[in-house]
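Presented below is the structure to which this report refers.
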Amino acid sequence: MSKYMKSRYEYSKKRKDFGRQPLFQIVPAHLLDSINSNKEEQKLYILRNPVHRQVQATMPQAEHDANTKELVTHEQGINHTEGGWPREVHLYNEDHVIRHRRRVQHEDNYIHTILSLKPQIEHYIDQNNAIDMYQTYFSGMNPQPPVEEYSVQIANAYPDPYKRPVSCIVWTNEQLARLAVSYCYKTIGSNSNGINDCYVWDIKRQTSPISQMLPECPCWQLACSPEEPEIFIAGLENGTVTIFDVRKGKNAVSKSSIYNSHFSPVSALLYTHSRTNTQFFTGSLDGKCLWWDTRNLSVPLDQLSMSIKFPVEESSEGVSCLEFDRGIPTKFLCGTESGLVINVNRMGRTRSEILTSYWEAHTGPVRAIHRSTCTLRMFITCGDWTVRIWSEEVRSAPIIVTKPFRYQVTDVTWAPLRYSSYMVICEGGYFYYWDILRNCSEPVTTRHVSKNGLTKLTPHVDGKLMAVGDNQGTVFLLKLSENMTIPGECDKQLVNQIYSRETKREHILDMRLKEIHLKQRVNEKTEMSSIGDSTGDDDIERHTEEEYFNIVKQELQQMEERRSSN
């Protein structure tokens, strides 16, 4: 056999003709080639007219229908308050109901109707038995985000060039509101280096303040006039009160005498209810509250010592904060340095009628206190590491208590328009927004505002803007979302229900504790009386023996003295 030879074919190609990269691009349409019709071949065709046949060049298709049973559904409601009874039968009248039942049961069709319903009822019973009523069907689903999205945005920041802590923030009462801010270290005898400036900021400009006030010593408290937004009252560290008018310059217009003022720094300052809107009152660490009139600061109108013990002058409680609401013009609440909240009535005649009641609120000073905008009988306080909500009707304990915060709470306030919400700031630089209708144990949203500790929180009247100050003199302007400012239709009613329920619960617990203590006392008295009865005779014998031996000893001593004298 000859050796197998494999056929082979070789071809050659230039290098430039292969290896090119194909490029695909979007280009506009253009004509590649055009083939014209042949007129000579067109003459060979004859147009047929008329046409008796049809030619279908597409695939044949057929259409058919399938009828199914029609499912008709409709919604029907029933008034469950009446229970489906006839109109002439009153549900809450037992005689009408019993009479109607007897009439139906004596009808001839009653038994046949019950028997005809038997298969249907058994079918529904079997269905219910096949279903596990207590099974959790959706336990494995991932939690969905809440429908209501809460957002807190930092709209602006106003820094202090000297980096002093913010001591007080006030909104002016005008359409285009401004911010009045005071700065100082709230420690007596602190070194302020002679810088005691207070600024008035325009919320739309953060570069520099629009006005400036120069008190003679560090300013602890500020208040704006409700009628004239250019007039401010400052409570100073030396206990005096100063009035500023930014239209007339930086210096004070008038000030009180140091001999007729407080002996300690002014820790609280609020306007009171009056016809002229010129009266205000102050509280100080010296334990006194003084009432003033801006038209004459030489002498205070009235004074009151915050003391719940006697003697009054030696046991005054240092005032840390005050709360006044125009809805109760004769009453106000006073928070003290020892953690008490005192309810004061200025119209009382005796001291017990003036200082009507008090609550042991916190361990340490009460940092802030505010009445609820929903009901004036409920108020909120903050101090140490907790926030507590109180009722004037319950004196033993708060009705709502939050769990302790990680950092000390420095300020708290109710939302101006949303009845169920309140806001909290702490020394860790966090801002918390709470809603007792949504969740009493956790805040609905939290925002880390500053790396430094926050000191003061003041909301605007409309509730959309919040001014927050920190330890380095920066005032942050926070903007809240609409669902955090606009109240719901039933919020006020629901908050009143919570207040009534929690107040009633505390009353029940208080009564139960009193009953337990009373039973313990009665049991102790019965035990002591039984012990006394069993040991009464022995005690009498011992007592008589001791008296006898004492008499004998005295007689022997007298006989020895007589012998020695003879």
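Give the residues of the stretch 200-223 that are in a strand (DSSP E or B) and either within 19 Å of Thr455 (Cβ to Cβ) or open to solvent by less than 20 Å² (accessible area, probe 1.4 Å) (or both), sorted by residue number.
First pass over the stretch 200-223, keeping only residues in a strand (DSSP E or B): 200-202, 211-213, 219-223.
Residues satisfying the conditions are Val200, Trp201, Met213, Cys219, Trp220, Gln221, Leu222, Ala223.
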message: Looking at the stretch 237-254, can you tell me whether even one residue there is open to solvent by 10 Å² or more (accessible area, probe 1.4 Å), at pLDDT 90 or above, farther than 23 Å from Asp325 by Cα and hydroxyl-bearing (Ser, Thr, Tyr)?
response: yes
query: Out of the stretch 121-159, which residues are farther than 21 Å from Pro459 by Cβ and either small (Gly, Ala, Ser) or touching a strand residue (DSSP E or B) at 6+ places or on another chain (Cβ under 7 Å) (or both)?
result: Ala130, Ser139, Gly140
task: Could you run through the stretch 380-411 and say how many residues are in contact with a helix residue (DSSP H, G or I) (Cβ under 9 Å, 6 or more places away or on another chain) and part of a strand (DSSP E or B)?
output: 3
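Before we move on, is Trp414 buried (at least 18 other Cβ atoms within 10 Å of the Cβ) and out of contact with any His (no Cβ under 7 Å at 6 or more places or on another chain)?
no
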task: For the stretch 363-391, name all the residues that are open to solvent by 10 Å² or more (accessible area, probe 1.4 Å) and within 29 Å of Thr485 (Cβ to Cβ).
output: Arg367, His370, Arg371, Thr373, Cys374, Thr375, Leu376, Arg377, Trp385, Thr386, Arg388
- line: Scanning the stretch 215-258 residue by residue, the ones that are under 14 Å from Asp286 (Cα atoms) and among the hydroxyl-bearing types (Ser, Thr, Tyr) total 1
query: Does the stretch 319-332 contain at least one residue that is of a type in the set (Phe, Trp, Tyr) and in a strand (DSSP E or B)?
result: yes
- prompt: β-branched (Val, Ile, Thr), closer than 30 Å to Leu454 by Cα and at pLDDT 85 or above: does that describe Ile516?
  reply: no
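Counting residues that are farther than 28 Å from Cys426 by Cβ and without any contact (Cβ under 8 Å) to a residue 60 or more places away in the chain, which strands (runs of 3 or more DSSP E) fully inside the stretch 453-566 reach at least 2?
Working: elements: 454-459, 465-470, 475-480.
Fully inside the stretch 453-566 and qualifying: nothing.
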task: Select from the stretch 333-348 the residues that are part of a loop (DSSP other than H, G, I, E, B) and within 15 Å of Ala368 (Cβ to Cβ) and write down the one among them that is most open to solvent (accessible area, probe 1.4 Å).
output: Glu337
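The values are calculated or read from the model by the stated rules, or taken from the named source; none is laboratory data. Please read these numbers as outputs of a predicted model, since none were measured by experiment. Ideal geometry is used to build each Cβ from the backbone, glycine not excepted, and the neighbour counts take in all protein chains shown. When the accessible area is computed, the model is the full protein with side chains, heavy atoms only, and any ligands, DNA or RNA have been set aside. Shrake-Rupley method; radii C 1.70, N 1.55, O 1.52, S 1.80 Å.
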